[in-house]
Amino acid sequence: MTDTLEPRTDHRHHVDSMLMRESLLDKQVMASTESDVVRMLPNVHVVKVGGRSILDQGRALTYPVVDVLGQLLKKEKLILGVGGGVRSRHVFSIGLDLGLPTGVLAQVSVADALGNAHILGTLLSPHGVVAIPPEIFGHLLPLFIHSAPGVIFNGVPPYSLWEHPPEVGRIPPHRTDAGCLILGECFGCRSVTLVKDVDGLFTDDPKENPSAGFIDSIGANELKRRGMKSLPFDEVLPDVLLNARLVRQFQVVNGRDPDRIAAAVRGEHAGTIVYAD
């Protein structure tokens, strides 16, 4: 009998990972994770229909937009997001008066946007498009979009109670414009169009200052540098765009001229283009 023990062979499987021994707080490690990103829905367009600017205006403004969207759905795949409009602003006012935190305000805003999603879904139901409940929308989106010409969602990103605290005030910074842009980035969609009630971006609020100059295109960095006091979209969008990998621009168009929506989806310059630069 010998005192020498034979070395044991380890036949267990080990997971080999480049991040296994690394800190996820190390900037060099994070830089090493840059790589190509899969485009899950490269031929799909995201169109955000404003709640206050379009749907709250009633039949006169909403029906022409619905008609254009119906025509687009015959040829294009669309993901339609909506905003909560005036009702969300009313809920925010009550919540602020009651001292509700930002995360709770983000959660309660979902209901109003979802209501508008169902309204738009009802009007577009003859085209086979309906509103999808937010609980299953993200997970089943590729299935829905390949089974129908388009889908509708409430536009609110699901940060809920985990919404980022804003720099100023308590209003959730990631609202429905941001939700649509983030969705387009995640799924690698072909374009993102925001439908408002103005021609695009101006040097000042054109409703208050008729002499404000129109901006037909601008880089996100330049937009941040200007620090404009009034924007027709969520202020966080330039930051989201600069960090995006797949969506490198979005366009703001005037829904009062619905043909501009179709033009933007076709890739034409029909409003203000904000690009990552």
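The values are calculated or read from the model by the stated rules, or taken from the named source; none is laboratory data. Computed from a prediction, not measured in an experiment: that's the story for all the values here. No Cβ is skipped: glycine too gets one built from the backbone with ideal geometry, and neighbour counts run over all protein chains shown.
So, in the stretch 201-232, how many residues would count as being within 21 Å of ARG175 (Cβ to Cβ), within 24 Å of the chain's Cα centre (by Cα), part of a loop (DSSP other than H, G, I, E, B) and not hydroxyl-bearing (Ser, Thr, Tyr)? Residues that pass the stated criteria total 6.
Residues that are free of Cβ contacts under 8 Å to residues at least 60 places away in the same chain and touching a helix residue (DSSP H, G or I) at 6+ places or on another chain (Cβ under 6 Å) within the stretch 71-87 comprise GLY85, VAL86, ARG87, listed in sequence order.
Per this entry, GLY179 is not counted among residues that are surrounded by 17 or more Cβ atoms within 10 Å (Cβ to Cβ), on the phi > 0 side of the Ramachandran plot and under 18 Å from the mean Cα position of the chain (by Cα). Report whether or not ALA148 is surrounded by 13 or more Cβ atoms within 10 Å (Cβ to Cβ) and under 18 Å from the mean Cα position of the chain (by Cα). When the stated conditions are applied, ALA148 does not pass them. Taken over the stretch 144-158, the criterion of being under 16 Å from GLU76 (Cα atoms) and without any contact (Cβ under 8 Å) to a residue 60 or more places away in the chain is satisfied by PHE144, HIS146, SER147, ALA148.
Can you find, within the stretch 82-125, the residue that is surrounded by the most Cβ atoms within 10 Å (Cβ to Cβ) among those that are modelled with pLDDT under 95, in a loop (DSSP other than H, G, I, E, B) and on the phi < 0 side of the Ramachandran plot? My answer is GLY83. Applying the condition of being touching a residue at least 40 places away in the same chain (Cβ under 8 Å) and assigned to a helix (DSSP H, G or I) to the stretch 253-277 and asking which residue is surrounded by the fewest Cβ atoms within 10 Å (Cβ to Cβ) yields ASP259.
Of everything listed in (1) of a type in the set (S, T, N, Q); (2) in contact (Cβ under 8 Å) with a residue 24 or more places away in the chain; (3) surrounded by fewer than 18 Cβ atoms within 10 Å (Cβ to Cβ), the single unmet condition for SER191 is (3). Does the stretch 130-146 contain at least one residue that is assigned to a loop (DSSP other than H, G, I, E, B), modelled with pLDDT under 95 and touching a Gly at 6+ places or on another chain (Cβ under 7 Å)? Checking the stretch 130-146: at least one residue is assigned to a loop (DSSP other than H, G, I, E, B), modelled with pLDDT under 95 and touching a Gly at 6+ places or on another chain (Cβ under 7 Å). Among residues of the stretch 44-70 that are assigned to a strand (DSSP E or B), those with a beta-carbon under 8 Å from a residue that is surrounded by fewer than 19 Cβ atoms within 10 Å (Cβ to Cβ) and of a type in the set (S, T, N, Q) at least six positions away or on a different chain give the pairs HIS45/SER191; VAL46/SER191.
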